[in-house]
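The values are calculated or read from the model by the stated rules, or taken from the named source; none is laboratory data. Model, not experiment: these values are computed from the prediction. Methodologically, a virtual Cβ is constructed for each residue, glycine included, from the backbone with ideal geometry; neighbour enumeration extends over all protein chains shown.
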Amino acid sequence: MSIENNNKFKKLANARVNKAIKLIKLIGNLSNKSHYSYSKKQSKQIIDALQQEINFVKNKFNSPAGGREVKDFEID
């Protein structure tokens, strides 16, 4: 890994993660029942969607291809 690529990664990671955290906090503001009305089903849909994306990101970072999706071949 070159220093240039690592610096670029760190710069983009810091910016993107901080932006994602801010946006997640804004989503959390929707839980304020004095301003919004929502059902348990709706809140579960939001949480499930966010969790699914977090799981996709984890899988990408843990894959041997470094983020590329690699699926094992399986014949039907």
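Points to keep in mind about this one:
- Test: residue in region 22-31 that is part of a loop (DSSP other than H, G, I, E, B), modelled with pLDDT under 95 and not aliphatic (A, V, I, L, M): no
- Applying a threshold of 6 Å to beta carbon distances and a minimum spacing of six or more residues, or different chains, the list of pairs starting in region 15-32 at a residue that is on the phi > 0 side of the Ramachandran plot and ending at one that is of a type in the set (D, E) and at pLDDT 95 or above is empty.
- Of everything in region 45-66 that is part of a loop (DSSP other than H, G, I, E, B) and of a type in the set (G, A, S), the residue that is nearest to N6 (Cα to Cα) is G66.
- Residue in region 33-43 that is within 26 Å of F61 (Cα to Cα) and either outside any helix (DSSP H, G or I) or among the small types (G, A, S) (or both) present: no
- Odd one out for K10 among (1) farther than 29 Å from F61 by Cα; (2) surrounded by 10 or more Cβ atoms within 10 Å (Cβ to Cβ): (1)
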